[in-house]
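Worksheet for the structure shown next.
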Amino acid sequence: MRTSARETLFKIIFASQFNSDCGESFKSAMYKGEKLDNQDISYCESILKIVEEHREEFAEILDKHSKLFPESRLFPADRSILFIALAEILYFGEVPAAVSVNEAANIASKYSSAKSASFLSGILAEIIREKNSV
């Protein structure tokens, strides 16, 4: 199960919004601190690369699907969670979309709020519906 890896990703992405010095040593320390195995580290690196390469695209998608709370107005925790889920749903075919949504809601419940969990689930469900209708 990748719950620990996702929480580690959340922490890395969240921290990077406040400190641009979240380089390799920071990531390595996070991986070691969370006791991630090589498979989880590989997963984290893949998702981080996707988020970095598609950050602007993800912001546009969030702006389109969350008109009252565009990406720039989202809580940093919620934005971090959404970026992970979007990377999985749109570019990481190994993870079923339902799992991404469920994990996003669980992380939001733990690190943000219960309201955020349902808000994020709604946005992600709409994005999945649109993706599947294309």
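When only Cα pairs below 8 angstrom with a gap of at least 6 residues are kept, the chain shows a relative contact order of 23 percent.
Neighbours of Arg79 by Cβ distance under 12 Å: Lys/Arg scored +1, Asp/Glu scored -1, total -1. Listed cross-link partners Lys11/Lys64; Lys11/Lys115; Lys67/Lys131; Lys11/Lys67; Lys11/Lys32; Lys11/Lys49 are compared with a 22 Å cut-off, the Cα-Cα value being larger for Lys11/Lys64; Lys11/Lys67. Compactness of the chain was expressed as the Cα radius of gyration divided by 2.2 N^0.38 Å, which yields 0.98. Rolling a 1.4 Å probe over the heavy atoms of the protein chains gives the chain an accessible area of 55 Å² per residue. Excluding residues on the same chain fewer than 8 positions from Lys27, give the aspartates and glutamates whose Cα lies under 12 Å from its Cα. Straight-line reach from Lys27, under 12 Å: Glu45. Note on the chain: with a GNM built from Cα contacts shorter than 10 Å, the maximum mean-square fluctuation among Ser66, Ser100, Ser28 falls on Ser28. Using the rule -39500 (n - 2.57) for each DSSP H run of four or more residues, divided by the residues of the chain, the 222 nm mean residue ellipticity is -26000 deg cm²/dmol.
What residue among Ser16, Ser25, Ser121 has the largest mean-square fluctuation in a Gaussian network model of the chain, using Cα springs under 10 Å? Of Ser16, Ser25, Ser121, the most mobile in the Gaussian network model is Ser25.
The values are calculated or read from the model by the stated rules, or taken from the named source; none is laboratory data. Worth saying up front: this structure is predicted, and the values here are computed from it rather than measured. Every residue, glycine as well, gets a Cβ built from its backbone with ideal geometry; the counts of neighbours run over all protein chains shown. Note: areas computed on protein heavy atoms with side chains; ligands, DNA, RNA excluded. Shrake-Rupley method; radii C 1.70, N 1.55, O 1.52, S 1.80 Å.
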